[in-house]
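S.K.: To start, I am sharing the structure in question, which I have written as structure tokens.
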Amino acid sequence: MARLSELGVDFQHWCFACGQLNPGGLRLDFEVARDRAEARYTALQRHQGYDGLLHGGVVTALLDEAMGWAIFHQGIWGVTARIGVTFRQPVPIGEELRVVGEITRDRGRVIETHGTVERAVDGAVLAEAEATFLRMPDGRRRELERRYAGTEGAFTRVREAVENEEHAREHGRT
């Protein structure tokens, strides 16, 4: 998988989930493959709900961000239209989590995704979600591309890294 921060994707912004400037944020750093994004995260006490447990809204933010990066790293600018979360088990503070987002269906303007929050040590699914993303209209996409200058070059490097990994896998070299 290709790590976004190593390929020049700029995270020097205030996004709650992936921005590095937000001192209260999650500061997620994703690895990506075709139609998939994955990050590791250890829940912090400042993000808890009940004692020792991650707040459900933060769990939802983790899922939303992972599913969003599954489409976004491919240069697709989209917004969440709908998200439904199922909480399977409480999500503990202080344990490493694996957060995964995957595209399940691309219908043009509408992209359907699935995400999971898993305990890293044993893969137990703690929460999962289904979400629908809408591609942004061209005008808004161009506005955001200007705001986050350099994204096209970074996304080109990400696409090349993903393609190289797939090529190596197809030829038995992982």
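The values are calculated or read from the model by the stated rules, or taken from the named source; none is laboratory data. Keep in mind that this is a model prediction, so the values were computed, not measured. Neighbour counts run over all protein chains shown; Cβ positions are idealised from the backbone, glycine included.
S.K.: List every residue pair whose Cβ atoms lie under 7 Å apart, where the two residues are 6 or more positions apart in sequence or sit on different chains, the first residue falls within the stretch 79-91 and is surrounded by 13 or more Cβ atoms within 10 Å (Cβ to Cβ), and the second residue, located anywhere, is of a type outside the set (Lys, Arg) and assigned to a loop (DSSP other than H, G, I, E, B).
M.R.: Within 7 Å, the pairs are Val91/Ala43.
S.K.: Let me ask something else about it. Filter the stretch 115-127 down to the residues that are over 17 Å from Val58 (Cα atoms) and either crowded, with 19+ Cβ neighbours inside 10 Å or touching a residue at least 60 places away in the same chain (Cβ under 8 Å) (or both) and list them by number.
M.R.: Ala120
Okay, residues lined up against (1) more than 19 Å from the chain's Cα centre (by Cα); (2) in a strand (DSSP E or B); (3) modelled with pLDDT of 95 or more:
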| site | (1), (2), (3) |
| --- | --- |
| Ala66 | no, no, yes |
| Arg105 | no, yes, yes |
| Thr113 | no, yes, yes |
| Ala129 | no, yes, yes |
| Ala149 | yes, no, no |
| Arg157 | no, no, no |
| Arg173 | yes, no, no |
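S.K.: So Thr60 fits all but one of (1) over 16 Å from the mean Cα position of the chain (by Cα); (2) part of a helix (DSSP H, G or I); what number is the exception?
M.R.: (1)
S.K.: Only one of these conditions is not met by Phe16: (1) surrounded by fewer than 18 Cβ atoms within 10 Å (Cβ to Cβ); (2) farther than 20 Å from Arg147 by Cα; (3) among the aromatic types (Phe, Trp, Tyr); (4) modelled with pLDDT under 95. Which number is it?
M.R.: Tallying (1) surrounded by fewer than 18 Cβ atoms within 10 Å (Cβ to Cβ); (2) farther than 20 Å from Arg147 by Cα; (3) among the aromatic types (Phe, Trp, Tyr); (4) modelled with pLDDT under 95, Phe16 fails exactly one: (2).
S.K.: Which pairs turn up if I take residues in the stretch 39-63 that are under 17 Å from Gly101 (Cα atoms) and among the polar types (S, T, N, Q) and look for partners that are part of a loop (DSSP other than H, G, I, E, B) and at pLDDT 95 or above with beta carbon separation below 6 Å, at least 6 apart in sequence or on another chain?
M.R.: Pairs found: none.
S.K.: Being surrounded by fewer than 16 Cβ atoms within 10 Å (Cβ to Cβ), assigned to a loop (DSSP other than H, G, I, E, B) and on the phi < 0 side of the Ramachandran plot is the filter here, so list the residues in the stretch 30-56 that pass it.
M.R.: Matches in the stretch 30-56: Arg34, Leu44, Gly49, Tyr50, Asp51.
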